[in-house]
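Chemist: Below: one structure in structure tokens.
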Amino acid sequence: MRWQQKPFFVRMFANPEIDYLLAVLRLQHELPNEDSPVAIWVMSKTQLMMAAASDRESRDIGVQIAGKLVEWGNGRVSDAWFLQELKFRPVEADFRVPRARKMRRYLSRSKEGLSVGAVIGGIVLAVRGMSAALK
């Protein structure tokens, strides 16, 4: 997803699932009623994205959503497939991301931030050391 190409300090506060929630609304608006299982399935998967423990897990679910929508658009996946999937994982009406999941995702992002900070810090120290040696 494009948002993962942004620097970590920008992504730290990003919420890429919003794009998928907006896609659900667009699907519900533009698809005929008989195709509503597609939009409902996307909503179900978006809930999984929101509850993902890491940005990588969220991205992988987003890629799966996009792939299935392309397959459906090309006629390789039927509406019945979406209905079957919804039996296994229906949309939760009162969906909320559990605190433990929010914390786990935050910790995952923090870990990535520490790694990026350590690399940047190492580069700064190396440059300072080289400039001091040249004086």
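The values are calculated or read from the model by the stated rules, or taken from the named source; none is laboratory data. Predicted model, so just to flag it, every value in this text is computed and none were measured. Note: ideal-geometry Cβ built from the backbone for every residue, glycine included; neighbour counts use all protein chains shown. In case anyone asks, the SASA skips ligands and DNA or RNA and just uses the protein heavy atoms, side chains included. Shrake-Rupley method; radii C 1.70, N 1.55, O 1.52, S 1.80 Å.
Chemist: Consider Val77 carefully, then state whether it is farther than 18 Å from Leu107 by Cα, open to solvent by less than 30 Å² (accessible area, probe 1.4 Å), of a type in the set (Val, Ile, Thr) and at pLDDT below 90.
Modeler: The answer is no for Val77.
Chemist: Further, regarding this structure: Would you mind finding the one in Val70, Val38 that is open to solvent by less than 20 Å² (accessible area, probe 1.4 Å), more than 10 Å from the chain's Cα centre (by Cα) and β-branched (Val, Ile, Thr)?
Modeler: Answer to the check: Val38.
Chemist: Then there is this: Check Arg26 against each of (1) closer than 22 Å to Met103 by Cβ; (2) modelled with pLDDT under 85 and name the one condition it does not meet.
Modeler: If we test Arg26 against (1) closer than 22 Å to Met103 by Cβ; (2) modelled with pLDDT under 85, just (1) comes out false.
Chemist: Also, I was wondering about something else. So, of the residues in the stretch 31-86 that are in contact (Cβ under 8 Å) with a residue 40 or more places away in the chain and of a type in the set (Phe, Trp, Tyr), which turns out to be farthest from Arg101 (Cα to Cα)?
Modeler: Phe82
Chemist: Next up: Identify, from the list Lys87, Lys111, the residue that is over 17 Å from Leu22 (Cα atoms) and modelled with pLDDT under 90. I'd like the intermediate steps shown before the answer.
Modeler: Working: Lys87 fails: modelled with pLDDT under 90.
Residue meeting the stated conditions: Lys111.
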